[in-house]
Amino acid sequence: MTAFRIPGKGRVNHDTAVRFRFDGKSYGGVEGDTVASALLANGVHLMGRSFKYHRPRGPVTAGSEEPNALIGTSRGKGRFEPNTRATVQEIYDGLKAESQNKWPSLNFDIGAVNDRLYMLFSAGFYYKTFMWPKSFWDRVYEPVIRAAAGLGVSPSEPDPDSYASRYLHCDVLIVGAGPAGLAAALTAGRSGSDVVIVDEHTEMGGTLLSEDQVQIAGQSAWDWLSATLDELKGMNNVRLMTRTTAIGYYHQNMVALSQKLTDHLAAVPGNAPRERMWRVRANQVVLAQGAIERPLVFDGNDRPGVMFAGAAQTYLNRYGVKVGERAVIVTSHDSAWYCAFDLADAGVAVAAIADTRDEIAPEFAQMAADKGIEVLKGHTVSSTTGRLRVKSVLVNPVRNGKVGASRTIDCDALLMCGGWTPSLHLFSHTKGSLNWDSEAEVFLPGDKTEACHIAGAGRGLWGIARALEDGANAGSEAAIAAGYATEVGLYPVEADRTGGGVTHKELPSDRDAGKAKAFIDFQNDVTAKDIRLAVREGMRSIEHVKRYTTNGMATDQGKLSNMNGLTIAADAVGKEAPKVGLTTFRPPYTPTSFGTFAGYHKDAHFELTRKTPIDGWAEENEAAFEPVSLWRRAWYFPLSGEDMHRAVARECKATRQSLGMFDASTLGKIEVSGPDAVEFMNRMYTNPWTKLAAGRCRYGLLLGEDGYIRDDGVIGRLSQDKFHVTTTTGGAARVLNMMEDYLQTEWPDLKVWLTSTTEQWATIALNGPNARKLIEPFVEGQDLSEEAFPHMSVSECKVAGIPARLFRISFTGELGFEINVPARYGRELWEKLYEAGQQYDVCPYGTETMHVLRAEKGYIIVGQDTDGTVTPDDAGIGWAVGKKKPDFVGMRSLKRPDLVAEGRKQLVGLLTDDPKTLLEEGAQIVADPKQPIPMKMIGHVTSSYWSEALGRTIALAVVEGGRSRMGESLHIPMPDRVLSAKVTETVFYDPEGERLKA
Amino acid sequence: MLLIHCPYCDETLPELEFAYAGEAHIDRPEDPSAMTDEEWRDFLFIRNNKRGTHFERWRHINGCARFFNAVRDTVSDKFLTTYKAGTPRPSDAELEELGK
Ligand SMILES: [Zn+2]
């Protein structure tokens, strides 16, 4: 049994010992402990160092609002987690935890020198101290600050754990399983409604877990709790979830829950998810989140051993742990008196209760006297002493606003209570309004935007009796709203602990306010002085004060600091608190791991991989792949020992010399059919379609209504009323969406049907002088001669006995065919052609060779050579725009002043002076390389390749006034040198197009 | 995640099934060529970006694939109503009624 554990007390399992390590040292705890409760049971308060000043810190709370006791936990490679709250992390055999922000050790920390340099780190220090000279920021200040400040250490390995995610629908979701939440669950559950009740703690009960003296309906609190949980668990319509935090409240009653599944287990079952995200859609929500204790603000209120009175009570009554041997209570609220009494009853010496108020209930004074506790009414705390643990507290009487001489009281625990703040974080997520209660000096829930009900301390009702009654009513309201009939139970309570108190700005002191380190935000090391400085320096809104001081910006999101920060800022500004405003709470309520948000969407499941029917063949033939939108495409087919450059050079050469075959199945395909198909095509595309005969193809150009190129592709007319439209691989869905938009909303009178057929067709492109020779024997029902089937023809025929749509088109400049067959025949046809192609040394090629071959011909790739600001004329394809058409999408925009202006960027070719130099795609182009920096950039390189056919590099670029610069030398500045290139036409190879007719 | 009523499917479904499609009731002019540069500019680019009730288009892209119109309060994100493309926009009085 450890020194500070009281045998048999609390809800922990004293019979089951657990051993864990903290900073390398082995400690004993018991089942049911958190890291914090177990360390406290060993007399350890010092659990970390603070963010900025590296001040020694211990736990202030016993819950998820903890700002100080942040630890790193580790379960081996990739399973390190920083900033875990020691007050939440349960211990298990073998747990390894370590403190943060210390070097070389927690007891002796070099960074604590910051504490003495606090003048440098005052409010706005980021903006002031480190601004000059500017060059010092990157090299000196930022690295120093990063090394000295910060919370924990980021994990450096990929997270090997799995995370689950689920949807859930219910009638009533109850957040918080304290007395209010449980009473709500009983009412709603008994009504027959589907109820989900969640609590972030290991066990349900909330305050009841720390207040076993209360009698509910004739039972002790803990007996009532276990009977209640048994009843709820026995209802099929009620789901109870512990270790589950409602992290965000979103539209239409969707609440996100983060459920921790394995972090408390010594042995994690294989494949068990670590956490699960629940997306709950609830008809009604009951928020029963209670209230959070508020610190008192005084010099030295952050020393280890200074904690909330309510936390000390929880450690005592729930965990059976005394937080010290000699305690002093300092409070402005009645609740801390009960803490003093409980501690005294448990054998802790309570040296004094210092209450800031002059009037105390007589029964309190009597009880204190009975227990031999000194009572100091109308007192303040002016300071504390102690380096790694509080040693004493200085208390002063305050009479008529005057602070008297201090008196030092020795203690090893200083337990404070500055009142209670209703926990309205989730309510704030819904943009519910908050009303200022000027009497209690707290914000309470106001107008609601969602179907939610707030019960208990969350709306300022103190005491267990009121929480139960209010919870039962809220549960009833919620169930009735969800369509159920209810009966509200009654819960008579005895030995309840009600009471009230007052709130304060900084406590009055007789000491120099300029030297006080009275902390408001423990995690971000923000003091009362910082807030006042921010106001003096011109910050008026609380949002500005927050950003200037970083108050409330740490991982606890100001759960402890917001109200004190606001009270002090309001005092400094000279306005009422609500006039200064409250900062916005945003999800998540508590820090949540990225894994939980990602859920199943990681690795191969991050996004789907689309594969063509021929992908398997490419894989078996050891293709290198590249992702193209969601597709994975064969990039090149290296022979053994070949790198990409050599493989692509070989593929290019083979295709131009004899025959290449290419899997073009990813091409977007849309079938446009119906009596008005041709009219629709005329309106959508720039080209004229009326006179295109069935069996013929045309290059189609699609603009946005703004006149810029959106997509392109060859379009075949299969019959009067049917077009086979192809789009870019990445543009297929976008183009169909655009077509549907116009068809449904602008021209609903047109009789046209649009069908996506991308995945219905496998497409094999054959290119090269021997392309016709290869397929001719396979084709039935179509004469392939130049006369019968010229370039830009399409035919519905059979290829190798398979019904096919055969195109004679070319994206390489060679004689070319594209064979579309139903997807399921794709691989079969590919293999037949490949086998038959051996006599022509057929060469399968990938996307890289396709890119090189098309670039040699100056064929653009939309999205690579265009960027959403390129007109047909800019791209040099003005010929594709029908001149006599009355209208098409984007036509009017082509006459907009900016689009006809001189000097627009135009697509040109670039040939580097050195034929071996390869330009970088995206590189900026300048006319005069000698001009001062920043240079005027007149364009950029869009495509750049080694051309095997030309034995040199080639590039495409968009350049201001490009077509009027033919032969001009332009310059491409690179980090190490400036490259030069001459402007040329865009067609580098076979400009007459003779090879198409081979 | 919002729940959105598709007026074609007549079902209220999760936002994941839908895609936003810009402001509603902006008709493509009958004869764009007859428009001045200013008129055409306004058609192309000038949008309301309203604080409050906003007429906008959505597409039930992972459902029936139809485009439809909606009125949404851009402050609260609440949908006041949705209706089929081509039907007139609800009157102010109707919207006020729906707002309650
Ligand atoms: Zn629909």
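Kindly establish whether A:Thr16 is part of a strand (DSSP E or B), modelled with pLDDT of 95 or more and either surrounded by fewer than 22 Cβ atoms within 10 Å (Cβ to Cβ) or assigned by TED's automatic domain parsing to the domain that holds A:Thr87 (or both).
yes
Sort out which residues of the stretch A:801-841 are of a type in the set (Ser, Thr, Tyr), part of a helix (DSSP H, G or I) and under 13 Å from A:Ile764 (Cα atoms), and write them in order of number.
Those that are of a type in the set (Ser, Thr, Tyr), part of a helix (DSSP H, G or I) and under 13 Å from A:Ile764 (Cα atoms): A:Tyr825, A:Tyr834.
Which members of the stretch B:50-64 meet the condition of being hydrophobic (A, V, I, L, M, F, W, C) and within 16 Å of the ligand (Cβ to nearest atom)?
Of everything in the stretch B:50-64, those that are hydrophobic (A, V, I, L, M, F, W, C) and within 16 Å of the ligand (Cβ to nearest atom) turn out to be B:Trp58, B:Ile61, B:Cys64.
Whether any residue in the stretch A:909-924 is among the β-branched types (Val, Ile, Thr), assigned to a strand (DSSP E or B) and surrounded by 22 or more Cβ atoms within 10 Å (Cβ to Cβ) is what I want to check.
Scanning the stretch A:909-924, I find no residue that is among the β-branched types (Val, Ile, Thr), assigned to a strand (DSSP E or B) and surrounded by 22 or more Cβ atoms within 10 Å (Cβ to Cβ), so the answer is no.
Only one of these conditions is not met by A:Leu918: (1) within 14 Å of chain B (Cβ to nearest Cβ); (2) in contact with a strand residue (DSSP E or B) (Cβ under 7 Å, 6 or more places away or on another chain). Which number is it?
If we test A:Leu918 against (1) within 14 Å of chain B (Cβ to nearest Cβ); (2) in contact with a strand residue (DSSP E or B) (Cβ under 7 Å, 6 or more places away or on another chain), just (1) comes out false.
Restricting to the stretch A:253-284, name every residue that is surrounded by fewer than 20 Cβ atoms within 10 Å (Cβ to Cβ), within 14 Å of another protein chain (Cβ to nearest Cβ) and more than 20 Å from A:Tyr600 (Cβ to Cβ).
A:Asn253, A:Asn283
Where residues in the stretch B:80-97 are part of a loop (DSSP other than H, G, I, E, B) and away from chain A (no Cβ under 11 Å), which of them is farthest from A:Tyr742 (Cα to Cα)?
If we take residues in the stretch B:80-97 being part of a loop (DSSP other than H, G, I, E, B) and away from chain A (no Cβ under 11 Å), then B:Ser91 is farthest from A:Tyr742 (Cα to Cα).
Would the stretch A:223-233 turn up any residue that is more than 22 Å from the chain's Cα centre (by Cα) and assigned to a loop (DSSP other than H, G, I, E, B)?
The answer is no; no qualifying residue exists.
Determine whether A:Leu316 is assigned to a helix (DSSP H, G or I), in contact with an Asp or Glu (Cβ under 7 Å, 6 or more places away or on another chain) and under 26 Å from A:Glu203 (Cβ atoms).
Yes.
Among what's in the stretch B:30-47 and is in a loop (DSSP other than H, G, I, E, B) and surrounded by fewer than 14 Cβ atoms within 10 Å (Cβ to Cβ), pick the residue that is nearest to the ligand (Cβ to nearest atom).
Among those residues, the one meeting the criterion is B:Arg47.
Just for the stretch B:1-24: of the residues that are more than 9 Å from every other protein chain (Cβ to nearest Cβ) and in a helix (DSSP H, G or I), which one is nearest to the ligand (Cβ to nearest atom)?
B:Glu17
Could you identify the single residue in A:Asp447, A:Asp437 that is more than 30 Å from A:Leu316 (Cβ to Cβ), within 14 Å of chain B (Cβ to nearest Cβ) and touching a residue at least 12 places away in the same chain (Cβ under 8 Å)?
Only one candidate passes the filter, namely A:Asp447.
Please state which one of B:Asp73, B:Asp27, B:Asp77 is within 8 Å of chain A (Cβ to nearest Cβ), within 29 Å of A:Ser428 (Cβ to Cβ) and away from the ligand (no atom under 16 Å from the Cβ).
B:Asp77
State yes or no: is A:Gly939 more than 14 Å from chain B (Cβ to nearest Cβ) and on the phi > 0 side of the Ramachandran plot?
Judged against the criteria, A:Gly939 is a match.
How do the pairs read when you match residues in the stretch B:7-32 that are on the phi > 0 side of the Ramachandran plot with residues anywhere that are more than 11 Å from the ligand (Cβ to nearest atom), using Cβ under 8 Å and keeping only pairs 6 or more apart or on different chains?
B:Gly22/B:Arg47; B:Gly22/B:Glu56; B:Gly22/B:Arg57; B:His25/B:Phe55; B:His25/B:Asn69; B:His25/B:Arg89
Wholly within the stretch A:334-453, which strands (runs of 3 or more DSSP E) include no fewer than the required count, namely at least 3 residues that are more than 46 Å from the chain's Cα centre (by Cα) and farther than 21 Å from A:Ala291 by Cα?
Those strands (runs of 3 or more DSSP E) span A:349-355, A:374-376, A:392-399, A:407-410.
Any idea which residue in the stretch B:54-70 is farthest from the chain's Cα centre (by Cα), counting only those that are crowded, with 16+ Cβ neighbours inside 10 Å and facing chain A (nearest Cβ under 8 Å)?
Among those that are crowded, with 16+ Cβ neighbours inside 10 Å and facing chain A (nearest Cβ under 8 Å), it is B:Ile61.
The values are calculated or read from the model by the stated rules, or taken from the named source; none is laboratory data. As the structure is a prediction and not an experimental result, all values here were calculated from the model. All Cβ positions, even for glycine, are placed from backbone atoms using ideal geometry, and neighbour counts span all protein chains on display.
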